[in-house]
1. Quick one: if you stick a label point 7 Å off each Cα along the C-beta vector at Arg96 and His74, how many nm between them?
2. Would you kindly work out the equivalent ellipsoid of the range 9-72 from its C-alpha gyration tensor and give its semi-axes, the square roots of five times the eigenvalues, largest first in whole Å?
3. Grab the beta carbon distance between Asn55 and Asp12, set R0 = 35 Å, and tell me the FRET efficiency rounded to 0.05.
4. Would you please give the FRET efficiency between His47 and Asp119, computed as 1/(1 + (r/R0)^6) with r the Cβ-Cβ distance and R0 = 30 Å, to the nearest 0.05?
5. Neighbouring Cβ atoms within 10 Å as the yardstick, rank Ile54, Ile91, Ile69, Ile39 fewest first.
6. Within the range 74-97, find all residues whose amide N lies under 17 Å from a label point positioned 7 Å from the Cα of Asp110 along Cα-to-beta-carbon.
7. Counting trypsin sites (Lys or Arg not before Pro) as exposed when in a DSSP loop with at most 12 other beta carbons within 10 Å, what is the longest stretch of the chain free of them?
8. Once label points are set 7 Å from the Cα along Cα→Cβ at both Arg64 and Ala3, what is their separation, rounded to one decimal in nm?
Amino acid sequence: MAAPVPCRWEGDCFRPLPRYAKECDARYVVGELYQLAEIEERSVKSHRAYFAGINEAWANLPERLADRIPSPEHLRKWALIKAGFADHREIVAPSRDDAVRLASFIKPMDTFAVVTVSDCVVTVYTAKSQSLRAMGKKEFQASKQAVLDIIAGIIGVNTETLAENSGNNV
């Protein structure tokens, strides 16, 4: 998918900024119908601070978690799942033993997924994407705050201390 074209509302139509006119001529057909969707801008500074906070928390994980959470990306996705920013699927197996075998088969397919077994039900949780396309500004801010709160708690600090220690204002 091509990058969005910045346009200005002129009271009766949207007009692309002048430097995008040639691109629009190449990309679009006059008279055709196109869907217009607003993209909420996010702060690059805030985004960088968020990932710096995750990296700082991961570097300070308690030893008991170090093997279970092998990277900052694993930590972020685990915290997203824990905070409820996740999709989940349930698979019912014929027996608990079959469910355990199925979970063992599923887990290597996505090392970021959380796979649980309860009786004969296997549940697979996958973190929601925080990409610009997948998550608007409001949902991203909520997920970001929830992730930072969770990971700060794991290392025994508050979110503000995590921000200070990562050298950023998250």
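1. With each label placed 7 Å out from Cα toward Cβ, I get 2.7 nm.
2. On the way: eigenvalues 435, 38, 24 Å².
Ellipsoid semi-axes (Å, largest first): 47, 14, 11.
3. Working: r = 48 Å, r/R0 = 1.38.
E between Asn55 and Asp12, to the nearest 0.05, is 0.15.
4. Calculated transfer efficiency: 0.15.
5. On the way: Ile54 23, Ile91 14, Ile69 19, Ile39 11.
In increasing order of surrounding Cβ atoms, one gets Ile39, Ile91, Ile69, Ile54.
6. 74-92
7. Values: sites that count: Arg68, Arg133.
Free of exposed loop sites, the longest segment is 1-67.
8. Distance between label points: 4.8 nm.
Every number in this text was worked out from the coordinates using simple rules, so none of it is lab data. Because the structure is a prediction, the values reported are computed rather than measured. With ideal geometry, Cβ positions are generated from the backbone for all residues, glycine too; neighbour counts draw on all protein chains shown.
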